[in-house]
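Any read-out appearing in this document is the output of simple, stated calculations on the displayed coordinates, not a laboratory observation. If you're wondering where the values come from, they're calculated on a predicted model, not measured in any experiment. Here Cβ is always computed from backbone atoms with ideal geometry, including for glycine, and neighbour counts include all displayed protein chains.
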Amino acid sequence: MEYEPDKRFECPCCGQNWIDIRLERLVWHIEERAGEKLVITSGYRCEKHNRKVGGSETSSHLRGLAVDIGVDRSRLRYRVIGAAIRLGFHRIGVGKDFVHLDIDRQKDARVIWIY
Ligand SMILES: [Zn+2]
Ligand SMILES: [Zn+2]
C-alpha cells in the first residue's frame, strides 16, 4: 500500500511536512492505545510559522521531531502520557490543553516539563 502522508502533521501556514516518520508512527500507536482520534495541534513547523507561534529558535518542531497533541480532559491526558511513556518517549512537555512529545536526541533525555 502506498504511503499516504497524514496531513495533521503538516505546517499549517505552508503545507510543508518534514515530520519524522518514526514519530508519526509512534503517534499512531498512541492513538490506538488512547482509543480515539487525536488532534495534532502542532507537528512540523517551518521557520516562519515557528516564529509566529512563539516557538523557541531550537524547537524540535523545526526538524520534524516533535508533536503537540491536544488534550481537553484529564483522562485523555493520562492516556496520552501513559501510552507515550510505554512507547519509549522520554521528552514530554505538558501544557494546559496539549502534550508535547519529541524524539530529539540532541536534547536532554528523561525529562517532563510544563509550560
Ligand atoms: Zn509553514
Ligand atoms: Zn511542541
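Report for segment 8-114 the percent antiparallel among DSSP-assigned beta bridges with both residues inside it, nearest 5.
Around 70 percent antiparallel, to the nearest 5.
Figure the gain on full extension for Tyr78 and Lys107 (residue separation times 0.36 nm, minus the Cα-Cα span) and round it to one decimal in nm. Can you show the working numbers first?
Details: separation 29, 0.36 × 29 = 10.44 nm, distance 2.40 nm.
Length gained, Tyr78 through Lys107: 8.0 nm.
Hey, what number do you get for the chain at 222 nm if only DSSP H runs of n ≥ 4 count, each worth -39500 (n - 2.57), divided across all residues, to the nearest 500?
Details: 3 runs with 33 residues, N = 115.
Calculated mean residue ellipticity at 222 nm is -8500 deg cm²/dmol.
Taking a label point 7 Å from the Cα of Arg51 along the Cα→Cβ vector, which residues of segment 11-44 have an amide N closer than 16 Å to it?
13-14
Give me log10 I(q)/I(0) at q = 0.11, 0.14, 0.20 Å⁻¹ for the chain, Debye formula, one equal scatterer per alpha-carbon, no solvent.
Cα-only, vacuum Debye calculation for the chain: -0.32, -0.52, -1.11.
Need the full-extension length gain, His90 to Arg33, defined as separation in residues times 0.36 nm minus the C-alpha distance. One decimal, nm. Walk me through the numbers before you get to the answer.
Details: separation 57, 0.36 × 57 = 20.52 nm, distance 1.76 nm.
Here the answer is 18.8 nm.
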